[in-house]
């Protein structure tokens with residue numbers, strides 16, 4: 001049901017070799033490779049090398065964390081094109097591409113922009129689907145998936161079986177509000193970005209273990225497979241990743257993380 005992993009951009013200053021070694025030492029299952037530093041969009045030679053590094057270490061490529069902003073290509077007219085992103089993901093041998101729902105917060109956007117992003121999402125979903133790869137929106141500020149309401153609206157507009165979403169805890173929400181947010185995302189849930197912040201201060205994941213146990217139990221009710229991907233460790237310290245990975249693996253093995261229906 002769940003596999004554990006690391007978001008590579010948590011350690012942008014480390015090389016792919018160091019990222020792979022860290023994930024292996026932490027006992028994780030896979031890595032979401034970022035498209036900005038570690039596996040640049042369209043750099044097929046790099047993707048080939050990183051895929052082999054990952055596989056040789058007994059890990060899988062959990063996802064390609066692209067920085068493709070859906071609907072924005074006509075505005076910028078520059079790479080990456082989605083076709084470049086897709087080719088890179090295929091080279092990495094992953095089944096998921098993470099994309100961003102535009103480049104504006106939902107409150108700033110008129111109906112035409114919503115339609116632009118939805119139309120482009122369907123286009124890239126068709127292309128990726130033909131290659132056996134799923135699309136997952138980043139659940140993030142400054143995009144059309146910056147709130148639970150806006151994410152639901154966009155996903156309902158797109159209405160495509162190959163488009164889903166990531167989920168992460170909103171910094172300005174209570175535990176109960178986060179739980180309700182996750183519950184609403186369940187029909188479209190792909191992967192989870194896992195971290196614990198208090199305000200904007202990064203904290204040990206163990207301090208939020210009770211909350212994350214609830215989140216994982218609810219996510220398990222989809223009956224689908226998901227990656228739980230560690231991100232934003234305290235002080236950007238690799239040693240703290242090892243600590244948080246131990247917490248994550250214990251949570252995923254916890255017998256109470258069962259279907260919460």
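Given the criteria in contact with a helix residue (DSSP H, G or I) (Cβ under 9 Å, 6 or more places away or on another chain), closer than 17 Å to residue 146 by Cα, modelled with pLDDT of 95 or more and in a helix (DSSP H, G or I), does residue 178 qualify? Walk me through how you get there before you give the answer.
Details: in contact with a helix residue (DSSP H, G or I) (Cβ under 9 Å, 6 or more places away or on another chain): yes; closer than 17 Å to residue 146 by Cα: yes; modelled with pLDDT of 95 or more: yes; in a helix (DSSP H, G or I): yes.
So residue 178 passes the test.
Among the residues of the range 1-46, count how many are touching a helix residue (DSSP H, G or I) at 6+ places or on another chain (Cβ under 7 Å), outside any loop (DSSP other than H, G, I, E, B) and surrounded by fewer than 16 Cβ atoms within 10 Å (Cβ to Cβ).
Of the residues in the range 1-46, 3 are touching a helix residue (DSSP H, G or I) at 6+ places or on another chain (Cβ under 7 Å), outside any loop (DSSP other than H, G, I, E, B) and surrounded by fewer than 16 Cβ atoms within 10 Å (Cβ to Cβ).
Taking residue 220, is it assigned to a helix (DSSP H, G or I) and within 21 Å of residue 62 (Cβ to Cβ)? Talk me through it step by step, then tell me what you get.
Details: assigned to a helix (DSSP H, G or I): yes; within 21 Å of residue 62 (Cβ to Cβ): yes.
Judged against the criteria, residue 220 is a match.
Any idea how many residues of the range 239-261 are at pLDDT below 95 and in a helix (DSSP H, G or I)? Give the derivation first.
Just the residues of the range 239-261 that are at pLDDT below 95, to begin with: 253-261.
In the following step, the residues that additionally are in a helix (DSSP H, G or I) were identified as 253.
Residues that pass the stated criteria total 1.
Being within 21 Å of residue 120 (Cα to Cα) and in contact with a helix residue (DSSP H, G or I) (Cβ under 9 Å, 6 or more places away or on another chain) is the filter here; which residues of the range 188-211 pass it?
188, 189
Which of the numbered conditions does residue 214 fail, given that it passes all the others? Conditions: (1) closer than 26 Å to residue 21 by Cβ; (2) out of contact with any strand residue (DSSP E or B) (no Cβ under 9 Å at 6 or more places or on another chain).
(1)
Please find, within the range 223-236, the residue that is surrounded by the most Cβ atoms within 10 Å (Cβ to Cβ) out of those that are more than 15 Å from residue 205 (Cβ to Cβ) and touching a strand residue (DSSP E or B) at 6+ places or on another chain (Cβ under 6 Å).
We begin by selecting, within the range 223-236, every residue more than 15 Å from residue 205 (Cβ to Cβ); these are 223-227.
Add one more test, that the residue is touching a strand residue (DSSP E or B) at 6+ places or on another chain (Cβ under 6 Å), and what stays is 226-227.
Numbers: 226: 19, 227: 25.
Looking at residues that are more than 15 Å from residue 205 (Cβ to Cβ) and touching a strand residue (DSSP E or B) at 6+ places or on another chain (Cβ under 6 Å), I get 227.
The values are calculated or read from the model by the stated rules, or taken from the named source; none is laboratory data. This one's a predicted model, so the numbers in the text were calculated from it and none came from an experiment. So basically every Cβ, Gly included, is an ideal-geometry build from the backbone, and we count neighbours across all protein chains shown.
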